[in-house]
Amino acid sequence: PQAEIRNAYQFWNGSAWINDINAAASIGEYGDGTIKYNPFFKMFTRIYSGFGSNTVYIRFANNPQGPWSVRHTLYQTIPPGNGYNYIIFNHTELGSSDGKSIVLSYSHPLPAFLPGELRLVKITFQ
């Protein structure tokens with residue numbers, strides 16, 4: 001179980017992979033989302049939502065740490081009654097093996113305090 005061995009982890013510091021988590025650099029403007037290799041594009045994709053927004057964006061890079069392309073609008077989620085959708089996740093295990101179709105989940109808050117639901121959306125690239 002490498003997951004339990006702290007020395008097995010490395011962090012991107014903006015120019016190299018290092019062992020010091022305190023020197024890790026940000027690779028994007030928002031914290032949620034998923035970075036995955038997509039065989040259809042033959043690139044890494046970063047799929048995330050804009051903070052306080054119901055828009056899902058996608059960026060592309062040749063490496064998981066970037067540099068990332070400009071953002072493109074991928075999907076507009078249905079806005080909740082109050083607030084916004086969040087925690088966008090790309091489930092590669094649910095999409096097609098060639099990467100042409102992807103499945104995203106996101107959290108959709110409901111009007112009452114704290115309850116919400118998890119929604120899925122399938123996107124097929126042309």
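Determine if the range 79-89 includes at least one residue that is of a type in the set (Ser, Thr, Tyr) and touching a residue at least 24 places away in the same chain (Cβ under 8 Å). Show your work before the answer.
Initially, the range 79-89 is screened for residues of a type in the set (Ser, Thr, Tyr), giving 84, 86.
Narrowing further to those that are touching a residue at least 24 places away in the same chain (Cβ under 8 Å): 84, 86.
Scanning the range 79-89, I find at least one residue that is of a type in the set (Ser, Thr, Tyr) and touching a residue at least 24 places away in the same chain (Cβ under 8 Å), so the answer is yes.
Only one of Gly28, Gly81 is in contact with a Pro (Cβ under 6 Å, 6 or more places away or on another chain) and part of a loop (DSSP other than H, G, I, E, B); which?
Gly81
What are the residues in the range 2-16 that are of a type outside the set (S, T, N, Q) and either within 17 Å of the chain's Cα centre (by Cα) or under 13 Å from Gly66 (Cα atoms) (or both), if any? I'd like the intermediate steps shown before the answer.
First, the residues of the range 2-16 that are of a type outside the set (S, T, N, Q): 3-6, 8-9, 11-12, 14, 16.
Scanning the range 2-16 gives Trp12, Gly14, Ala16.
For the range 78-99, name all the residues that are over 15 Å from the mean Cα position of the chain (by Cα) and farther than 14 Å from Lys36 by Cα.
Scanning the range 78-99 gives Ile78, Pro79, Pro80, Gly81, Asn82, Gly83, Tyr84.
Residues that are open to solvent by less than 40 Å² (accessible area, probe 1.4 Å) and either touching a helix residue (DSSP H, G or I) at 6+ places or on another chain (Cβ under 6 Å) or not hydrophobic (A, V, I, L, M, F, W, C) (or both): does the range 67-78 have at least one?
Keep residues of the range 67-78 that are open to solvent by less than 40 Å² (accessible area, probe 1.4 Å), which gives 69, 74, 77.
Filter once more, so that each one left must be either touching a helix residue (DSSP H, G or I) at 6+ places or on another chain (Cβ under 6 Å) or not hydrophobic (A, V, I, L, M, F, W, C) (or both): 69, 77.
Yes, the conditions are met somewhere in the range 67-78.
Which ones in the range 17-36 are over 16 Å from Ser69 (Cα atoms), within 22 Å of the chain's Cα centre (by Cα) and of a type in the set (D, E, K, R)?
Once the filter is applied, which keeps residues that are over 16 Å from Ser69 (Cα atoms), within 22 Å of the chain's Cα centre (by Cα) and of a type in the set (D, E, K, R), the range 17-36 yields only Asp32.
Are any of the residues in the range 13-28 at pLDDT 90 or above and within 19 Å of Lys122 (Cα to Cα)?
no
Looking at Gly28, is it open to solvent by less than 40 Å² (accessible area, probe 1.4 Å), closer than 15 Å to Asn90 by Cα and touching a Lys or Arg at 6+ places or on another chain (Cβ under 7 Å)? Explain how you work it out, then say what you get.
Working: open to solvent by less than 40 Å² (accessible area, probe 1.4 Å): yes; closer than 15 Å to Asn90 by Cα: no; touching a Lys or Arg at 6+ places or on another chain (Cβ under 7 Å): yes.
In short, no.
Answer with yes or no whether Thr45 is part of a strand (DSSP E or B) and under 12 Å from the mean Cα position of the chain (by Cα).
Working: part of a strand (DSSP E or B): yes; under 12 Å from the mean Cα position of the chain (by Cα): yes.
Yes, satisfied.
What are the residues in the range 84-115 that are open to solvent by 50 Å² or more (accessible area, probe 1.4 Å) and either of a type in the set (Lys, Arg) or in a strand (DSSP E or B) (or both), if any? Working first, answer last.
Looking only at the range 84-115, we keep the residues that are open to solvent by 50 Å² or more (accessible area, probe 1.4 Å), and these are 84, 86-87, 89, 92-94, 97-98, 100, 110-115.
Across the range 84-115, the qualifying residues are Tyr86, Ile87, Phe89, Lys100.
The values are calculated or read from the model by the stated rules, or taken from the named source; none is laboratory data. From a predicted model like this one, the values you see are computed outputs, not experimental measurements. Cβ atoms come from the backbone with ideal geometry, glycine included; neighbour counts cover every protein chain shown. Surface accessibility is based on the protein's heavy atoms, side chains included, excluding ligands, DNA and RNA. Shrake-Rupley method; radii C 1.70, N 1.55, O 1.52, S 1.80 Å.
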